[in-house]
Structures are given as structure tokens and as C-alpha cells.
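The values are calculated or read from the model by the stated rules, or taken from the named source; none is laboratory data. Treat the numbers as computed from the prediction; the structure is a model and nothing was measured. With ideal geometry, Cβ positions are generated from the backbone for all residues, glycine too; neighbour counts draw on all protein chains shown.
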């Protein structure tokens, strides 16, 4: 295997000696693979644990040599699910930020031939969910860990702004890439964080998980130098909390004897399952299908071997085990791959007349859609990226943070007005945004840019424990727990206490925002809170 990225080696290019017929493609054409599937909804009874599928698809030649990854869901390909700091058996929950999920795609992780430095917490203690402020930067994607009793568990939204430890390189390696979405904060992040995005070669095929219950077609342009011939398209599909009698919480329990072990729930259930579809690249359109799963990955994620189908994998519960992909209506298959040659005279034109409307958390882009070839034909998809706090220069587009677009986004025809919403933004913040169109052959058009400023935070918007969270940096910091208990006790035992707490929640957000952005303010707030924390920890002590 080769080690990926800069100081860790070079990302290998596509091998030109791949097995096949050796027949070259006609000049000016490309081959596209359309992967058709139907993700099934999670059958888990807990709304907070109905996790979407994680899917990766890759192509191998007739000899079993890896060619290239065609599709990977963003949780792994962009947000580093397989290579985050924290032990792999950490519990999980809605928006869970920590724990390297090495069981998600073990077969793919061992077949693609790349190795990445494994990410660990800056402290080196991978069993602790709580981290110091100077090691925790603002979290752009995940939430703070939750207990099942917290209201946000079922809503799927973050309880408050989260600050997380983005980790550092260890001397171990893994087949999973690190996160690609981070804006490096030199005051709190390890220097290694600045290299995470540079190490990730899967950004171009990383997409949102297709919606459950809806037929999806994942389009992928085959590499330009790929010979015509026979190939195999593999899909590896995983889901957290997919338990059955064999892969149960008693067989794979929550870790014990670690700090904050009550947060989250044990997620390890049935392992990844694989589907295998033979396909031929030819001068005419071809198809391949499969109804049955081909086997499953290592339940502990330690090797890339495919286990043969057996009775430990559920086959008769929609959304679980081998039925994570449903049978597509009107067909006797779970996966169908169509390979077709396409003429491709040129790349798309640039999005025109780009404008935006903003709220305090989102921006809705509006523009005139280009065509697949210049201004003709419908484009395949759009790529949107941003930088925070300044304008985006066209030449830095590739290194900016990519937006996770809705997988169900309807692509309009050329000359029509296209709308795209970017959410999870910060209030009162300037974003430099770039957008470009991609055609069926993977050709990218010119980048159009604009800058937007989000609206102020509405008065009364509530984050939990505003000032204390801003001061200490993490909702799990040990000193926050007694403050929470005091808040809840005051609220529960007095009408005046309820009014006082609600007043605090109404007027504290602006103060908390100022504290969170200033180390001087944070230190001052911690000093002011310290006597109260000390008294709450030891009621008999003097502050």
C-alpha cells in the first residue's frame, strides 16, 4: 500500500496497465457509469438512532485490481468518519463528533491502496470525550455529544454551538482519510490539521447520502485512460445501530470505565455488507445487476477480507443487514449499473447572475443555470465551496470548504433559475462562495463567486449554558456539570428562578458570542465563574 499525501508520500495515479481488452475509446467520448439503487430507511425504534446509510462504490478490473472510487458518502469522504480522534468503540448518537469508525468500510479501506496517518486527540488520551478550551475549536459539522435524555437527541439538531478537538497525527496509519472540511484555527488546532484536506483524495467523489426510500442514480465518469473491457463495480454499505441477535449491544457493549461513558449509545451492530456487479465498458451501452449481497466485512474493521454470506446477517428486515438496499420497484435487483459512452464536446459554462438571500444560519443561492456543453444540455451536478471572513478567489476554490448539497436537489435545464441552499452557517458572518457546474464526464466549468453576510442572531435564540460553554469551550468540560445542575435546580424550585433562567437565556447569546471569540474574555469569564464552580463542587469550602 502507498501512503497518501505530501510528507506522507504521493497519491498514486490511475495505473494505465489495467487489465481489459486493451481497446481504446473513440476520440472525444467518455464512459459514464450510472449506479442505480434504493436506500432503505433504518428500522431502529429510536428516532435519534435512525442513521442514514454509508455507501462507497469502487471499480476493479477483471483481475481484481482496484481502479478508482466512484462514490463515497460525505460522512467518510469529507467529514472523516473513519479517521477521527477517539477510540473506535466510543458510543454514538446524533451528530456524534468523536471515534474513528474503522468498521464502516473495512473492505474498501484495505483495497484502495492508500494509507493515511491515524488521527488522535491532541492530549493522546483517546478515551475522554471532554477537552480543554485551548485544544477545542469551533465545530462546523458535528454536534456536542448528547445523553439520550436530552431533547436534541430526537430532533437531529445540535443543542448549541460545539467546540471539538480536531486531533493530530499519530505514528499509526489507516486506510481512511481525515476530515476535509475544516478551517484551520492556529490558536487551538494542532498544526497537522492544516494538512488534513491535502491528504484526502476522495473529495471529488464525496456526496451526500441518497435519501432513504427514494430511488437514486449515482453518476460517475470513468477515468479517461481506462481501456474497454470487463470490470466489477463493488458497493460496501454500512449503518450504525443495525443490531440483531448476533450483533447486539450485549455482544458489542458500550466501553466502561471511561469518562462520560453515559453519553451516547453503543452503535456497533451488523458489519458492512457488499454487493458485486460485473460490468463491461464497450462501444455500446451495457448493464449489470445484482439482487443478493456478496458477503460482509470484518465486524471489528481489522482486515479487508470478505466473509461469505451466512445466517448472522439479517436478510428479511427492510433497512437492516443485506436489505439495507431495497429491491428497486419494477426490477429484480438491488443495484443496477449502466455503462454508456457519451459524446462530450466541451465543459459547462459558468453559472450566471448569481445572487443570494440570507438568514442568520443559511444562504440561498440563485443563478441562471449553464448547460452541459457550454449553454446546451443539462449539467450533472454543482460544486459549491466557501471561505469564512473574506472573498473567495477563483484560484483557491479547490482548497475551500465544500458544501454538502442535498442529494435530492433538482437540477434545472440551461437558462432556468437554479436555487441552492447552504445551511449551518454562523450569524453575522461574511462568506466568500464559489460555484461551478460539472458535466456527466466530470468536466468542470468556470467558477462564479459572490460574497454574502448572514443576518444577526435573533433575540431569544437559545444555546445551552451560553456563557459557561463559551468560557470553557466544551459542553462536556467537567466544570460545566455543576453549573448545569445549579441552573436546573434553580429553575425547578422557584417561579422567580424560572424567570431568572429564562432572562439569562434571552439576553446571554450576544455575550456568549463575544466571549467565545476572545481568549481574554474567555479567561475573564472562567475566572468569574471559578468561585461558583468551586463552591458547587465542595459545598463546605470557601471560594
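Tabulated data
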read-out: Out of 301, 331, 319, sole residue that is assigned to a loop (DSSP other than H, G, I, E, B), outside the structural domain of residue 436 (by TED's automatic domain parsing) and surrounded by fewer than 19 Cβ atoms within 10 Å (Cβ to Cβ); value: 331
read-out: Filter result (in a loop (DSSP other than H, G, I, E, B) and farther than 30 Å from residue 266 by Cα) within the stretch 30-72; value: 62, 63, 64, 65
read-out: Condition broken by residue 176, with the remaining ones in (1) in a loop (DSSP other than H, G, I, E, B); (2) in contact with a strand residue (DSSP E or B) (Cβ under 6 Å, 6 or more places away or on another chain) satisfied; value: (2)
read-out: Any hit, the stretch 266-278, residues being farther than 22 Å from residue 318 by Cα, modelled with pLDDT of 95 or more, touching a strand residue (DSSP E or B) at 6+ places or on another chain (Cβ under 6 Å) and surrounded by 18 or more Cβ atoms within 10 Å (Cβ to Cβ); value: no
read-out: Within the stretch 341-427, strands (runs of 3 or more DSSP E) holding 3 or more residues that are modelled with pLDDT of 90 or more and loosely packed, with under 14 Cβ neighbours inside 10 Å; value: 352-358
read-out: Single residue of 70, 62, 109 found to be under 29 Å from residue 41 (Cβ atoms), in contact with a strand residue (DSSP E or B) (Cβ under 8 Å, 6 or more places away or on another chain) and either surrounded by fewer than 24 Cβ atoms within 10 Å (Cβ to Cβ) or free of Cβ contacts under 8 Å to residues at least 12 places away in the same chain (or both); value: 70
read-out: Residue that is surrounded by the most Cβ atoms within 10 Å (Cβ to Cβ) [pool: residues in the stretch 73-98 that are out of contact with any helix residue (DSSP H, G or I) (no Cβ under 9 Å at 6 or more places or on another chain) and within 19 Å of residue 147 (Cβ to Cβ)]; value: 90
read-out: Tabulated pairs, the stretch 112-141, first closer than 18 Å to residue 259 by Cα, second in a strand (DSSP E or B), C-beta under 6 angstrom, 6+ apart or interchain; value: 120/170; 122/168; 126/120; 136/163; 136/164
read-out: Residue identified as over 19 Å from residue 197 (Cα atoms) and in contact with a helix residue (DSSP H, G or I) (Cβ under 9 Å, 6 or more places away or on another chain) among 404, 428; value: 428
read-out: Verdict on residue 325 being more than 30 Å from residue 139 (Cβ to Cβ) and out of contact with any strand residue (DSSP E or B) (no Cβ under 6 Å at 6 or more places or on another chain); value: no
read-out: Residue list for the stretch 230-267, filter: under 15 Å from residue 321 (Cβ atoms) and not in a loop (DSSP other than H, G, I, E, B); value: 235, 236, 237, 238
read-out: Hits in the stretch 134-167 - residues which are modelled with pLDDT under 80, under 23 Å from residue 83 (Cα atoms) and surrounded by 17 or more Cβ atoms within 10 Å (Cβ to Cβ); value: 158, 161
read-out: The stretch 179-199, residues that are in a helix (DSSP H, G or I) and buried (at least 16 other Cβ atoms within 10 Å of the Cβ); value: 192, 193, 195, 196, 197, 198, 199
read-out: Qualifying residue in the stretch 96-105 (condition: without any contact (Cβ under 8 Å) to a residue 24 or more places away in the chain and more than 24 Å from residue 318 (Cβ to Cβ)); value: yes
read-out: Single condition residue 123 does not satisfy, out of (1) under 29 Å from residue 253 (Cβ atoms); (2) part of a helix (DSSP H, G or I); (3) modelled with pLDDT under 95; value: (2)
read-out: Flag if residue 179 is in the same structural domain as residue 307 (by TED's automatic domain parsing), in contact with a helix residue (DSSP H, G or I) (Cβ under 6 Å, 6 or more places away or on another chain) and within 27 Å of residue 271 (Cβ to Cβ); value: yes
read-out: Output for the stretch 87-118, where each listed residue is in a strand (DSSP E or B) and within 24 Å of residue 269 (Cβ to Cβ); value: 92, 118
